[in-house]
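A.B. asks: Got a structure for you, questions after.
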Amino acid sequence: MSSTEQTPRPTRLAAAAGVALVEALGLLAGGAYMLVRTLADGGGDLTGGVTGGVTLLALGLIPLAAARGLWRMRSWSRGPAVITQILALPVAWQMLRSEGVIPYGIVLAALAVTGLVLLVNPATTEALGIRRPGRES
């Protein structure tokens, strides 16, 4: 197989990239909404709103990069994607305990669990070139 040829992308890997992309878009949309709302409101906590919005935008870049890397079958992308899923679980838990955002917590929890399952799947790790423990290369 030449260096320009690539093994086919497993469906699970494509789905994991999709999960990371949805999470990235959610963070980016949330950050943009927070910034626009803060700046349009004019009152309230300007510093806190801008800081929160910029933080969400910055955090959205992590799963966005991971989604791109997973889609392109880059082994480095699995780490940021797994970390994103692990960090999403306590956020989902808090959302599930807060009135008004429970449906969002359910969606986030489902995405995080689905993402983790897809990312640790043997077909995914093999496609990314990640060796399983105890296996020779």
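A.B. asks: Looking at the range 81-113, which of the residues that are among the β-branched types (Val, Ile, Thr) and within 17 Å of the chain's Cα centre (by Cα) is surrounded by the most Cβ atoms within 10 Å (Cβ to Cβ)?
C.D. replies: The extreme case among them is THR84.
A.B. asks: I've got another one for you. Restricting to the range 8-21, and then to whatever is over 13 Å from THR125 (Cα atoms) and open to solvent by 70 Å² or more (accessible area, probe 1.4 Å), can you tell me which residue is modelled with the lowest pLDDT?
C.D. replies: So the residue we want is PRO8.
A.B. asks: Please go through the range 30-53 and give me each residue that is of a type in the set (Gly, Ala, Ser) and in contact (Cβ under 8 Å) with a residue 12 or more places away in the chain, ordered by number.
C.D. replies: Answer for the range 30-53, where residues must be of a type in the set (Gly, Ala, Ser) and in contact (Cβ under 8 Å) with a residue 12 or more places away in the chain: GLY30, GLY31, ALA32, GLY49, GLY52, GLY53.
A.B. asks: In the set ALA92, ALA112, which member is of a type outside the set (S, T, N, Q), in contact with a Gly (Cβ under 8 Å, 6 or more places away or on another chain), in a helix (DSSP H, G or I) and under 20 Å from LEU25 (Cβ atoms)?
C.D. replies: ALA92
A.B. asks: What are the pairs with Cβ atoms under 8 angstrom where one residue, in the range 70-88, is closer than 12 Å to ALA20 by Cα and of a type in the set (A, V, I, L, M, F, W, C) and the other, located anywhere, is outside any helix (DSSP H, G or I) and open to solvent by less than 40 Å² (accessible area, probe 1.4 Å)? Sequence gap at least six, or different chains.
C.D. replies: LEU70/LEU128
A.B. asks: For the range 25-74, which positions are open to solvent by 80 Å² or more (accessible area, probe 1.4 Å) and in a loop (DSSP other than H, G, I, E, B)?
C.D. replies: Correct list: ASP45, ARG72, ARG74.
A.B. asks: Here's something else I'd like to know. Looking at the structure I just gave you, is ARG78 at pLDDT 95 or above and either of a type outside the set (A, V, I, L, M) or open to solvent by 60 Å² or more (accessible area, probe 1.4 Å) (or both)?
C.D. replies: Considered against the rule, which asks whether it is at pLDDT 95 or above and either of a type outside the set (A, V, I, L, M) or open to solvent by 60 Å² or more (accessible area, probe 1.4 Å) (or both), ARG78 comes out as yes.
A.B. asks: May I ask you to list pairs of residues, at least six apart or on different chains, whose Cβ atoms are under 6 Å apart, with the first in the range 114-132 being farther than 11 Å from VAL19 by Cα and open to solvent by less than 30 Å² (accessible area, probe 1.4 Å) and the second being part of a loop (DSSP other than H, G, I, E, B) and at pLDDT 95 or above?
C.D. replies: So the pair list comes out as ALA127/MET73.
The values are calculated or read from the model by the stated rules, or taken from the named source; none is laboratory data. Just so we're clear, the structure is a prediction, and the values are computed from it rather than from any experiment. Positions of Cβ are backbone-derived with ideal geometry, glycine not excepted, and every protein chain shown enters the neighbour counts. These area figures cover heavy atoms from the full protein model, side chains too; ligands, DNA and RNA do not enter into them. Shrake-Rupley method; radii C 1.70, N 1.55, O 1.52, S 1.80 Å.
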